[in-house]
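The values are calculated or read from the model by the stated rules, or taken from the named source; none is laboratory data. Because the structure is predicted, anything quoted here is derived from the model rather than measured. A quick note on method: Cβ atoms are made from the backbone with ideal geometry, for glycine too, and the neighbour counts reach across all protein chains shown. Heads up: the accessible areas ignore ligands, DNA and RNA and are worked out on the full protein's heavy atoms, side chains in. Shrake-Rupley method; radii C 1.70, N 1.55, O 1.52, S 1.80 Å.
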Amino acid sequence: MSKKHESKKRPNLDISYTCSRELSWLQFNSRVLEEAESETVPLFERLKFVSIFSSNLDEFFMIRVGSLTDIAAIHSKDVPDNKCGWTASQQLEHIYESCIPLVKRRDKVFSELSDELAKNGVEQLSYSKLTAAEKRYIDRWYKTRALPILSPQVVDQHHPFPHLPSGQLYIAARLRFEELSMFGLLPVPTALPAFVRLPDEDSLRYVLTEDILLSKLSSIFKGFRVQSKAIIRVTRNADISPDDDDDDIEIEPDMRQKMKKLLKKRMRLAPVRLEYKGKLHSSTREFLLTRLNLHPEQVYEVQSPLQLGYVFSLESMVVNKDLLYPSWTPQPSPMITADVPVLPQVLEHDMLLHYPYERMNPFLRLIREASSDPDTVSIKITLYRVARQSKLISYLCDAAENGKEVLVLVELRARFDEENNLALAEQLEHAGCRVIYGIENLKVHSKICLITRQTETGTQYITQIGTGNYNEKTAKQYTDLSLMTSNNAIGEDAANFFQHMALGIPTTERGELLIAPNLLKSGILELIEGEIQKANAGLPSRIIMKFNSLTDRDIIDRLSEASCAGVPIDLIIRGICCLVPSVPNKTENITIRSIVGRFLEHSRIFCFGVGDEEKIYIGSADMMTRNTEKRVEIACPVYDKKCIEKIHDILDIYMKDNIQARIHNSHGHLRHCKRKNGEEIINSQQVLMDEAVKNAPYIP
């Protein structure tokens, strides 16, 4: 390793069993790309994984690279990271180096998939490859749809270099006018579709809009000779907080107005990456680097389209359905009787739904029933991300109009969903709901709903705790758990939680629920400590946890202590993992696996102990410092025996996965599971789909 990559270690900080958060995330995204390379995945689904990889990388640059860039610029804050020992500047060096082969690999996969898809009736074409009739079709579209809204610009003393919004496509050209060399810029209008489909019912053939504009560039820049041309895109820092110092923003008393100003500010933050596809003249490249204040290592030449989000718009147009996963419909839950109202069933026994294998509908039915139930006096809920067309919102509005007290905590700081949540808050308020926005400096990420009823026998609570958002769309795409319980102690904790939220004060009283930022982390550490004490006493001990990311140094160190005490530990971590397993005398009793598949693994499960001594929680938090210390999160105990059995079955299937699972080794790398001769092949997500179909009750 070169001197520039040598770690600056903090005194007494043991990083022998920890690794870089950023490189771990890049490794996870590399795992996503593996799905695009896998011949076991249908062809078009593989293309979607390329798009997901690219979208992930975009957000990584906007958030993580943006944040590190800010830190590196402030030398007093550029201190070594507590897991890898690198400063922010050193982490950026590693990131830039690691991204180069990933981008090249992505481009190679995209090219190979494009060739295979073309053979199967899904073909992206360049303008030059079109037939004469097809060119006439595209030319008509160009003249009627595109040409009227184009805004080409030549940058000179009268036309200064414009602001390039993050993520927007432009065509950059080196132009010649007589003896003068000039820079031309053409925005690809966001009002235009990403592609134009050619009229062919038997196949899906299309041309990207930016490729159409490229073909017309000479006529667009009339009077100039186009010497070189390339599609470019700037990625800007989007790691902006409502609590950033800004005098114009801090004086704004209304949180909604504050967020609107911040969204505008985000579009103007500093660039962190420049991508280009095509021939970018060296002088044009240097011109852009200077204007954008970027360094050469922040520039990436790519071969695939710079925006791949259009792939998901193509899916419904695919004629050959063999190119897609077989359709999947979430199944009815065997815990719920279909032709009986949900509300009285929850009062009788707890229910645990497992998305997307089971339907979200029972929870939605519960809210709908409560909205008109004469004994229901209030419904309180936290909302982080919600579908744009949401039945839940409609039912909450109905409840308010029916005279129920409806309290909705809307988190306006849900990154990239801010605008949707602003509109959502206004809609709820207009319907008569009371809307609050959480706590200053703390993002509310918890998933909790409380229904309060007043009956002749007293107050009844129905509490729902989830591991994912109240989003009907993602409930069909993400694996999540949703617990509905009438446990009175849990209900009292939930009522106390909402009272604290309404007052803007974090919960500090320990009860059934583990609530961050004050109680969750200490609770998890105590549960791990309990298993250490059992192991030291020679008693059976066990830890199984499933979540998305692990970066919290205190949690990592306590797990290492548990491993050293002999506690068997199994972690199922989809994404970032800063703990390195199987390190002798440090983490040798820890096994870590990652599962990436058709559905996004998103559920959070925490199991401590064995047999009757076992304690199980589900919750909203990953084991990241941002979640455990800087957000409002909730973990809820699971007491119902059938719900516990269901969680055990789910975890057992995950632990047996030898297709989608990858195992972390002692070097922090992901490796395929090794199957023994004759061992059954298990794809956990496919098994869970099969089980959901087999266990679903018959509904006439």
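By accessible area of protein heavy atoms, probe 1.4 Å, what ranking do MET335, MET317 get, highest first?
Largest accessible area first, the list is MET317, MET335.
Among MET545, MET182, what's the order by accessible area (1.4 angstrom probe), most exposed first? Provide the component values of the computation, followed by the final result.
Numbers: MET545 0, MET182 35 Å².
Result, largest first: MET182, MET545.
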Response to the item:
Sorting THR284, ALA502, ILE448 by the position of each Cα along the dipole of the chain (Lys, Arg +1; Asp, Glu -1; all at Cβ), the one nearest the positive end of that ordering is THR284
Worksheet entry | Cα gyration tensor shape for region 277-377, rounded if a/c is under 1.5, else prolate or oblate | prolate
Response to the item:
Here the relative contact order (percent) of the chain, from C-alpha pairs under 8 Å and at least 6 apart, is 11 percent
Response to the item:
Between the residues HIS669, SER620, LEU651, the Cα farthest towards the positive end of the dipole of region 617-700, that dipole coming from +1 and -1 charges on the beta-carbon of Lys, Arg, Asp and Glu, is from HIS669
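For ASN402 and ASP652, calculate 0.36 nm times their separation in residues minus their Cα-Cα distance, and state this gained length in nm to one decimal.
Numbers: separation 250, 0.36 × 250 = 90.00 nm, distance 4.46 nm.
That pair, ASN402 and ASP652, stretches by 85.5 nm at full extension.
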Practice prompt. Give, in nm to one decimal, the length gained when the segment between SER38 and ARG626 is fully stretched (0.36 nm per residue of separation minus the Cα-Cα distance).
Written response: 208.3 nm
Discussion item. With semi-axes √(5λ) of the Cα gyration tensor in Å as the read-out, I listed (i) 46, 30, 23; (ii) 56, 28, 22; (iii) 44, 31, 28; which label goes with the value calculated from this structure?
Written reply: (iii)
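Let's see if you can work this out: charge +1 on each Lys and Arg Cβ, -1 on each Asp and Glu Cβ, no other charges. What is the dipole magnitude of the chain about its Cα centre, in debye to the nearest 20?
Working: 89 positive and 95 negative charges, 519 e Å.
The dipole of the chain has a size of about 2500 debye.
May I ask you to give the percent of accessible area on region 49-141 that is carbon plus sulfur, with a probe radius of 1.4 Å?
Numbers: 2260 of 4160 Å².
Of all accessible area on region 49-141, carbon and sulfur atoms account for 54 percent.
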Worksheet item: Is any helix in the chain, taking whole DSSP H runs, at least 20 angstrom long along its axis by alpha carbon and on average at least -1.0 on the Kyte-Doolittle scale, and which ones?
Response: 21-37, 43-60, 88-119, 488-503, 520-536, 641-656
Worksheet item: Hey, if you put +1 on the Cβ of every Lys and Arg and -1 on every Asp and Glu Cβ in the chain, which of PRO165, ILE462, ALA238 ends up farthest toward the positive end of that dipole?
Response: PRO165
Practice prompt. Note down, for region 129-195, the three equivalent ellipsoid semi-axes (square root of 5 times each alpha carbon gyration tensor eigenvalue), biggest first, whole angstrom.
Written response: 26, 17, 10
Worksheet entry | Length gained when the stretch LYS615-LYS694 is fully extended (0.36 nm per residue, less Cα-Cα span) | 25.6 nm
Worksheet item: Cα centroid distance between region 505-530 and region 304-352, in Å?
Response: 33 Å
Worksheet item: Considering only protein heavy atoms, what per residue accessible area in square angstrom results for the chain with a 1.4 angstrom probe?
Response: 44 Å²
Worksheet item: Once you list every other residue whose beta carbon is under 9 Å from the beta carbon of VAL234, what net charge do they have if Lys and Arg are +1 and Asp and Glu are -1?
Response: +2
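If you take the square roots of the eigenvalues of the alpha-carbon gyration tensor of region 4-156 and sort them as a ≥ b ≥ c, do you get rounded (a/c under 1.5), prolate (a/b over b/c) or oblate? Walk me through the numbers before you get to the answer.
On the way: a/c = 4.11, a/b = 1.82, b/c = 2.26.
Oblate.
So for TYR617, TYR478, what's the accessible-area order with a 1.4 Å probe, most first? Don't jump to the answer; show the numbers that get you there.
Working: TYR617 30, TYR478 65 Å².
My answer, sorted largest first, is TYR478, TYR617.
Based solely on its DSSP helices, what 222 nm [θ] is calculated for the chain when runs of n ≥ 4 H residues each add -39,500 (n - 2.57) and the sum is averaged over all residues, nearest 500 deg cm²/dmol? Present the calculation step by step, with values, prior to reporting the outcome.
Numbers: 21 runs with 250 residues, N = 700.
Taking each H run of at least 4 residues, the total per residue is -11000 deg cm²/dmol.
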Response to the item:
For VAL122 the rounded accessible area (nearest 10 Å², probe 1.4 Å, non-protein molecules ignored) is 10 Å²
Worksheet item: Where the centroid of each part is defined by its Cα atoms, how far is region 160-200 from region 405-468 in Å?
Response: 43 Å
Worksheet item: Taking the Cβ-Cβ separation of GLU529 and SER203 as r and a Förster radius of 60 Å, what is the calculated FRET efficiency to the nearest 0.05?
Response: 0.45
Discussion item. Would any residue of region 139-154 have its amide N under 18 Å from a label point 7 Å out along Cα→Cβ of SER219? List them or say none.
Written reply: 139-153
Worksheet item: Which entries in the list LYS521/LYS642; LYS476/LYS656; LYS83/LYS546; LYS476/LYS642; LYS143/LYS476; LYS404/LYS546 go over 29 Å, if you measure between the two C-alpha atoms of each?
Response: LYS143/LYS476; LYS404/LYS546
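Going by the alpha-carbon gyration tensor, a ≥ b ≥ c the square roots of its eigenvalues, is region 511-574 rounded (a/c under 1.5) or, if a/c is not under 1.5, prolate (a/b greater than b/c) versus oblate?
Details: a/c = 1.87, a/b = 1.33, b/c = 1.41.
Since a/c reaches 1.5 but b/c is at least a/b, the shape of region 511-574 is classed as oblate.
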Worksheet item: How much space per residue, in cubic angstrom, does the convex hull of the C-alpha atoms of region 376-444 take up?
Response: 75 Å³
Worksheet item: Where the centre of each part is set by its Cα atoms, how far does region 88-116 sit from region 17-87, in angstrom?
Response: 10 Å
Discussion item. Going Cα to Cα from LYS279, which aspartates and glutamates come in below 14 Å? Please leave out same-chain ones fewer than 8 positions away.
Written reply: ASP211, GLU301
Discussion item. Per q in 0.10, 0.15, 0.20 Å⁻¹, report the Debye log10 I(q)/I(0) for region 100-216, using one uniform scatterer on each alpha carbon and no solvent.
Written reply: -0.42, -0.86, -1.18
Item to complete: Leaving ligands, DNA and RNA out of it, work out the accessible area of HIS667 with a 1.4 Å probe and give it in Å² to the nearest 10.
Response: 140 Å²
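Probe radius 1.4 Å, ligands and nucleic acids ignored: give me the carbon and sulfur share of the accessible area of region 500-548 as a rounded percent. Present the calculation step by step, with values, prior to reporting the outcome.
On the way: 1060 of 1920 Å².
Solvent-exposed carbon and sulfur of region 500-548 make up 55 percent of the total.
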Worksheet entry | Computed over region 442-559, Kirkwood Rh from alpha-carbon pairs, angstrom | 16.7 Å
Worksheet item: Where both residues lie in the chain, what percent of DSSP beta bridges are antiparallel, nearest 5?
Response: 70 percent
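Which loop GluC sites (Glu not before Pro) in region 36-85, with loop taken from DSSP, have no more than 10 other Cβ atoms within 10 angstrom of their Cβ?
On the way: sites: GLU37, GLU39, GLU45, GLU59; in loops: GLU39.
Here the sparse-neighbourhood loop sites are GLU39.
Quick one: with all protein chains in place, what share of the accessible area of region 304-388 is carbon or sulfur, to the nearest percent (1.4 Å probe)?
Carbon and sulfur together cover 50 percent of it.
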Worksheet item: Leaving out ligands, DNA and RNA but keeping every protein chain, what accessible area does TRP86 have, in Å² rounded to the nearest 10, with a 1.4 Å probe?
Response: 30 Å²
